[in-house]
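Undergrad: Let me begin by handing over the structure; questions about it come next.
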Amino acid sequence: MKIFLNLILLAFLLITGCSEQSQQKNSSQTEATELLKELGQLQPEQLRDASTIRVLDEIPEHIGKIEDLSVFQADSNAQYSSQLVPEGSYGKTGEYFLTKIEGLTVDEKGRVIVVNRGTNYASEVHVFNKDGTYLTPLGRSGRGPGEYIEPFFLQSNARKVYLYDVTGKRLNIYNADDFSFMMSSLEERWDIRDQKVIKGFNFGGFKVRDDGNILAEFYKSNFNKVTSRSKFTYLLMDMDGNKLDFEPFIFSGNLRIVTEENYPFPNVFPIGRTLTAMSNEGELFVANTQEFLIKKYDPTGAYQSAIYYPIKGAPLDFEEFLKSGRKFGPSIPPLVEVEKAFDAVGEELPKTTPVIDKLIVDDKNRIWVAVPIGTKSDIYEWWILAETGELLTKVVLPLEQPILDIKGKYLYSKKTNEETGEEYVIKYRLELTES
């Protein structure tokens, strides 16, 4: 009954917000955000007025020149209406309580594997059955075989569980049938580490393909007095760290602005960064936050095709953006320094806010694209696309409720227990109805 009344209140807020001035619309948006926190999600049409994206009248010239490009109407009707139905939770009650979730993966049997940081700041990995009951720990803290100090990157695929220990600099591999330890692969012994293209780079994560091979990410952050974008490189390796046939894929991350005043603590801007996602078969999907343009590469790294929706973010007043209170570092740089920084990396100062912010490819090869909406971009409207680019449906989630994994018709996220402040996993069923 409470939820029904909340939905009535939300409808009233949205209807009145359409006819009021911007201050009242902002207030309605705040109410909508609060309801999102309580309900977990809403239908996209209920937040239409909160959207800040704009439809382009023409396709930009540089995009029109892209080969094998599929362009879709920005206002395309989705093939399905959708609803996220809560199915259960993990670590909220029962034998093992979660506190701070730092990683999650779901195996082929629907069992949920979670990296949890305890109240003593030590991290552990735990496995829950599909029904939410506790099953077993995965490995344990330590430096011996199958143990770890700081588990961080986690994935289940090809009937194995892969876990990287940041402190021990090794990849632990466990059997997904009984979660017994199988082997460790020390980073210092990886053959791929001899590649010149990643000399001086740090290991930044991985994605395991269905064939058991690993797309490894390496990154380099410059700590000198030079403004630059962080650099990332993808290479393909086997479980032992041997390099496999794959064209190195190099891309840029956040912009690091260095001035005389802020060194050695520079300002970091996420605008214009590259987003990547990989299918289980090894196809790589790449986008930039400023355009709804997704390029697809085959498992060897060769370009295949591209998907484009002609939309862009809201007009960006960079001077106001700098005053918005967002955390870019210990200080707010003057606009002239920001202009110099973008010029130094050969880019123009962005004129619009980012139109996309996250990119995921699920186990059904559907492409999930997070479009920030709301006056503070604190809500994600997730566009779910077919592999060929057609719009299947949209779902809405608050920014603070990230998608941790997707398996079939189930989506896994996390929420915070308001009474205890502890986090737990929540499972949703994606219910689709033909429009």
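Undergrad: How far apart, in nm, are the 7 Å Cα→Cβ label points at Val197 and Glu58?
TA: In this crude spin-label approximation the distance works out to 3.7 nm.
Undergrad: Note down the relative contact order for the chain as a percent, whole number, built from C-alpha pairs under 8 angstrom at least six residues apart.
TA: Computed value for the chain: 18 percent relative contact order.
Undergrad: When all alpha-carbon pairs of the chain are counted, what percent fall beyond 31 Å?
TA: Of all Cα-Cα pairs in the chain, 46 percent lie more than 31 Å apart.
Undergrad: Explain nothing, just compute: Karplus ³J(HN,Hα) = 6.51 cos²θ - 1.76 cosθ + 1.60, θ = phi - 60°, for every residue of the stretch 425-435 in order, whole Hz, x for Gly and Pro.
TA: 8, 10, 10, 10, 9, 7, 9, 10, 10, 4, 6
Undergrad: Please give the net charge around Arg229, taking every other residue with its beta carbon less than 11 angstrom from that of Arg229, where Lys and Arg add +1 and Asp and Glu add -1. All intermediate terms of the calculation are to be shown ahead of the outcome.
TA: Numbers: positive: Lys220, Lys231, Arg256, Arg273; negative: Glu347.
Residues near Arg229 contribute +3 overall.
Undergrad: Summing -39500 (n - 2.57) over the DSSP H runs of n ≥ 4 in the chain and dividing by its residue number, what mean residue ellipticity at 222 nm do you reach, to the nearest 500 deg cm²/dmol?
TA: Values: 5 runs with 55 residues, N = 435.
It comes out at -4000 deg cm²/dmol, rounded to the nearest 500.
Undergrad: So, one more: In the Gaussian network model of the chain, springs joining C-alpha atoms below 10 Å, which of Trp382, Trp190, Trp368 carries the largest mean-square fluctuation?
TA: Top of the fluctuation ranking is Trp190.
Undergrad: Towards the positive end of the charge dipole of the chain, with charges on Cβ (+1 Lys, Arg; -1 Asp, Glu), say which of Ala74, Ser377, Thr416 has the farthest Cα.
TA: Thr416
Undergrad: Using alpha carbon centroids, what distance separates the stretch 71-85 and the stretch 274-342, in Å?
TA: 23 Å
Undergrad: Step through the residues of the stretch 250-256 one at a time and calculate ³J(HN,Hα) from phi using the Karplus curve (6.51 cos²θ - 1.76 cosθ + 1.60, θ = phi - 60°), rounding each to whole Hz and writing x for Gly and Pro.
TA: 10, 8, 10, x, 5, 8, 9
Undergrad: Oh, and also: Which one, Ser141, Ser324, Ser279, has the greatest fluctuation when you compute a Gaussian network model over the chain with C-alpha springs under 10 angstrom?
TA: Result for the chain, Cα springs under 10 Å: Ser324 fluctuates most.
Undergrad: Mind putting a number on the dipole of the chain about its Cα centre? Charges go on the C-beta only, +1 for Lys and Arg and -1 for Asp and Glu, and I need it in Debye to the nearest 20.
TA: In total the dipole reaches around 780 debye.
Undergrad: With contacts defined as alpha carbon pairs under 8 Å and 6 or more residues apart, what's the relative contact order of the stretch 113-188 in percent?
TA: About 20 percent, as a whole number.
Undergrad: Return the sequence-ordered ³J(HN,Hα) values of the stretch 127-135 in whole Hz as given by the Karplus equation 6.51 cos²θ - 1.76 cosθ + 1.60 applied to θ = phi - 60°, using x for Gly and Pro.
TA: Using θ = phi - 60°, the values come out as 10, 10, 5, 4, 7, x, 6, 6, 10 Hz.
Undergrad: Separation of the stretch 347-386 and the stretch 228-243 by C-alpha centroid, Å?
TA: Taking the Cα centre of each part, the stretch 347-386 and the stretch 228-243 sit 25 Å apart.
Undergrad: Report the antiparallel proportion of the DSSP beta bridges in the chain as a percent, rounded to a multiple of 5.
TA: Percentage antiparallel, nearest 5: 95.
Undergrad: Which of the lysines could be linked to Lys65 by a straight reach, that is with a Cα gap under 18 Å, when you skip same-chain ones fewer than 8 residues away?
TA: Lys295, Lys296
Undergrad: Estimate the FRET efficiency between Asp343 and Glu387 by the formula 1/(1 + (r/R0)^6), using the beta-carbon distance for r and 30 Å for R0, to the nearest 0.05.
TA: Approximately 0.20, to the nearest 0.05.
Undergrad: Moving to a separate point now. Per the Kirkwood formula on distinct C-alpha pairs, the Rh of the stretch 67-223 is how many angstrom?
TA: Final number for the Kirkwood radius of the stretch 67-223 is 17.9 Å.
Since every read-out is calculated from the coordinates, none of them should be taken as a lab result. Model, not experiment: these values are computed from the prediction. Cβ atoms come from the backbone with ideal geometry, glycine included; neighbour counts cover every protein chain shown.
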